[in-house]
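Here the structure is laid out as structure tokens; the discussion comes afterwards.
The values are calculated or read from the model by the stated rules, or taken from the named source; none is laboratory data. Note that the structure is a prediction, hence the values are computed from the model and not measured. Every residue, glycine as well, gets a Cβ built from its backbone with ideal geometry; the counts of neighbours run over all protein chains shown. Side chains are part of the model used for accessible areas, which takes the heavy atoms of the whole protein and leaves out ligands, DNA and RNA. Shrake-Rupley method; radii C 1.70, N 1.55, O 1.52, S 1.80 Å.
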Amino acid sequence: DGCIKAVGQADVIRNQFSGATFETIIDCSGKCVLPGLIDAHTHPVWAGDRVHEFAMKLAGASYMEIHQAGGGIHFTVEHTRKAAEEELFNTFKHRLERMRRAGSTLVECKSGYGLNLETELKMLRVIERAKQSMDIGISSTYCGAHSVPKGKTATEATDDIINNHLPKLKELKLSGEIHVNNIDVFCEKGVFDLESTRRILQAGKDIGLQINFHGDELHPMKSAELGAELGARAISHLEEVSDEGITAMARAKCAAVLLPTTAYILRLKQPRARKMLEEGVIVALGSDFNPNAYCFSMPMVMHLACVNMKMSMNEALAAATINAAYALGKSDTHGSIETGKQGDLVVINSSRWEHLIYQFGGHEALIDYVIVKGKVIYQNERYGTM
């Protein structure tokens, strides 16, 4: 049934299953078996990459300067609106396959490059298709409030989402066409202010969505305080979170999804992971894969978390497995190797699991197997050559 039947000492398990026959036996002598990695924050459905903007960033242009020059999210929105559903599905599938090869077995996937109902639904349909047809776990997020669409004010965009987008999502959920798990808003100066964010998140919560949103990234917005008050499952970014916000999140058991790639690429100050951990916040990690932060690899994210955010390797592994599962409301079934949990595993060709973090960018030769629901979904062709 795709779930773990037993965990323990090898001889005990051999006795317990002495009469059983197995379809596949993988010899992991001298190797490490880890829980499948979980990427708690990605934007993987879009057309129109922004490789040309990377040069602008390197030359010193800020995120908001690029945004105001017609680049950033709006550039991708324009291309995603024009793209056919089939094209979006094919590129999305390819990206998920790359994530899988890097050890990710459950990925949070957001919409948000449509900003109008038609394109947001097109993106959510693409995510739904991948959920049904691919061997990888997906937690889907409606992120229609990713940016204010051109020609609208934030208040008009908020009203449109509450009066049109969310009722449609509720209807599609009831008919079984699209199942969305989370609601997200980019709570930021010049995008959605605290009041608009509150209205959208509450309306999403009212139709049964988990709150999981972008907050306190470029400016201190009191997003963490708002999330704690609304009973948010998770808040992402938090580079500019206040001390009060950290305390509130710890108290509310609201997970912090930290994205070391974003701070690295945009040269922002790093999120205060140590302060959060010391205060008892549940810290998770995500790649923030998107046209601005083009990273598929959770091992690389863990490495950056250790070096730039001063997390220990143990903390980074927990943040990319059990805590990331918690951030998606799935820690009772995913994120650790325990009897009864889903059989999502990564086998690495090393006797010490730390190599997965230590070998910066080395996961391609290190990962031998990726397993989802007890089924091998990736086997390294170079297997056994290390």
Quiz item: If you find the alpha carbon centre of the stretch 1-47 and of the stretch 116-143, how far apart are they in angstrom?
Solution: 27
Exercise. Can you tell me the dipole magnitude for the stretch 221-261 around its Cα centre, using point charges on the Cβ only (Lys, Arg +1; Asp, Glu -1), in Debye to the nearest 20?
Key: 240
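If you roll a 1.4 Å probe over the chain with all protein chains in place, what percent of the accessible area is carbon or sulfur? The partial results should precede the final answer.
Working: 8240 of 16290 Å².
The nonpolar share, carbon plus sulfur, comes to 51 percent.
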Quiz item: Which ³J(HN,Hα) values in Hz, rounded to whole numbers, follow from the phi angles of the stretch 53-60 under the Karplus curve 6.51 cos²θ - 1.76 cosθ + 1.60, where θ = phi - 60° and Gly and Pro get x?
Solution: 6, 4, 4, 4, 4, 5, 7, x
Quiz item: In whole Å, what is the distance between the alpha-carbon centres of the stretch 331-386 and the stretch 236-293?
Solution: 25
Exercise. Give the long-range amide H neighbours of Arg50: residues separated by 5 or more places, or on another chain, with amide H under 5 Å away, using H modelled in the peptide plane at 1.01 Å from N.
Key: none
Exercise. Grab the alpha carbons of the stretch 89-171, take their convex hull, and tell me the volume per residue in Å³.
Key: 94
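Quick one: net charge around Phe186, please, counting Lys, Arg +1 and Asp, Glu -1 for every other residue with C-beta under 12 Å from its C-beta. It would help to have the intermediate numbers written out before the result.
Working: positive: Lys110, Lys189; negative: Asp184, Glu188, Asp193, Asp216, Glu217.
Once all neighbours under 12 Å are counted, the net charge is -3.
Going from most exposed to least, what order do Lys122, Lys110, Lys189 have by accessible area with a 1.4 Å probe? Walk me through the intermediate numbers first.
Numbers: Lys122 25, Lys110 0, Lys189 125 Å².
Result of the area sort, largest leading: Lys189, Lys122, Lys110.
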Practice problem: Only Lys, Arg, Asp and Glu count, each charged at its Cβ (+1, +1, -1, -1), so figure out the dipole size of the stretch 226-322 about its Cα centre, rounded to 20 debye. | Solution: 140
Quiz item: Where does helix 73-82 land angle-wise versus the long Cα axis of the chain, in degrees 0 to 90, nearest 10?
Solution: 80
Practice problem: Pull up all non-local amide H partners of Ser350: gap of 5 or more, or a different chain, and H-to-H distance under 5 Å with H placed in the peptide plane. | Solution: Cys32
Quiz item: Considering every Cα-Cα pair within the stretch 156-253, what fraction, in whole percent, is farther apart than 22 Å?
Solution: 28
Practice problem: Would you look at the GNM of the chain, springs on alpha carbons closer than 10 Å, and say which of Ser297, Ser104, Ser312 moves the most? | Solution: Ser312
Quiz item: For the pair Phe22 and Asp159, how long in nm is the line joining their label points, each one 7 Å along Cα→Cβ?
Solution: 6.2
Quiz item: Among Thr80, Val372, Thr158, which residue has its Cα positioned farthest towards the positive end of the charge dipole of the chain, with +1 placed on the Cβ of Lys and Arg, -1 on the Cβ of Asp and Glu, and the dipole taken about the Cα centre?
Solution: Val372
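For the chain, what Kirkwood radius comes out of the mean inverse Cα-Cα distance, in Å?
Details: mean 1/r = 0.0471 Å⁻¹.
Computed over Cα pairs of the chain, the Kirkwood hydrodynamic radius comes out at 21.2 Å.
Using +1 on the beta carbon of Lys and Arg, -1 on that of Asp and Glu, and nothing else charged, what's the dipole of the stretch 330-372 about the Cα centre, debye to 20?
Working: 3 positive and 6 negative charges, 10 e Å.
Here the size comes out at about 40 debye.
Just the projected area, averaged over all directions, of the convex hull on the alpha carbon atoms of the stretch 237-328: how many nm²?
Values: hull surface 21.2 nm².
Its Cα hull, projected and averaged over all orientations, spans 5.3 nm².
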Quiz item: Of the residues Val281, Val12, Val77, which exhibits the maximal mean-square fluctuation in a Gaussian network model of the chain defined by a 10 Å Cα contact cut-off?
Solution: Val12
Quiz item: Tell me, what HN-Hα J-couplings in whole Hz come from the Karplus equation 6.51 cos²θ - 1.76 cosθ + 1.60 at θ = phi - 60° for each residue of the stretch 162-170, using x for Gly and Pro?
Solution: 6, 8, 10, 5, 5, x, 5, 4, 4
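Ranked highest first by the average count of other Cβ atoms within 10 Å around their residues, in what order do 27-34, 190-197 fall?
Working: 27-34: 13.1, 190-197: 19.4.
Result, highest mean Cβ count within 10 Å first: 190-197, 27-34.
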Quiz item: Across the stretch 353-358, in residue order, what do the Karplus-derived ³J(HN,Hα) couplings come to in whole Hz, using 6.51 cos²θ - 1.76 cosθ + 1.60 with θ = phi - 60° and x for Gly and Pro?
Solution: 5, 4, 4, 4, 9, 4
Self-check item: Quarter of the Cα convex hull surface for the stretch 1-85, i.e. its orientation-mean projected area (nm²)
Solution: 11.3
Quiz prompt | Most positive-pole-ward Cα, Cys295, Val283, Tyr264, against dipole of the stretch 261-313 from beta carbon charges | solution = Tyr264
Exercise. Hey, can you grab everything whose amide H is under 5 Å from the amide H of Ile377? Only 5+ residues off in sequence or another chain; H modelled, so Pro and N-termini drop out.
Key: Val370, Ile371, Val372
Self-check item: Choice from Lys82, Lys310, Lys341 with maximal GNM fluctuation in the chain (Cα, 10 Å cutoff)
Solution: Lys82
Practice problem: Provide, for q = 0.19 Å⁻¹, the log10 of I(q)/I(0) from a solvent-free Debye sum over equal Cα point scatterers in the stretch 279-386. | Solution: -1.12
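Is it possible to state the helix-based mean residue ellipticity at 222 nm for the chain, with each DSSP H run of 4+ residues giving -39500 (n - 2.57), the sum divided by total residues, to the nearest 500 deg cm²/dmol? What is it? Mind showing how you got there, number by number?
Working: 18 runs with 157 residues, N = 386.
Helix contribution divided over all residues of the chain: -11500 deg cm²/dmol.
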Quiz prompt | Dimensionless Rg ratio for the stretch 128-204, taking C-alpha atoms and the 2.2 N^0.38 Å reference | solution = 1.20
Quiz prompt | Simple label model, 7 Å out from Cα along Cβ direction - Arg81 to Lys275, nm | solution = 3.9
Quiz prompt | Which of Thr119, Ser196, Ser242, positive extreme of dipole for the stretch 99-248 (C-beta unit charges) | solution = Thr119
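Of Lys253/Lys373; Lys150/Lys269; Lys5/Lys341; Lys82/Lys150, which pairs sit farther than 19 Å apart, going by alpha carbon to alpha carbon? Each step should come with its number before you reach the end.
Details: Lys253/Lys373 28 Å; Lys150/Lys269 29 Å; Lys5/Lys341 8 Å; Lys82/Lys150 16 Å.
Cα-Cα > 19 Å for Lys253/Lys373; Lys150/Lys269; rest within.
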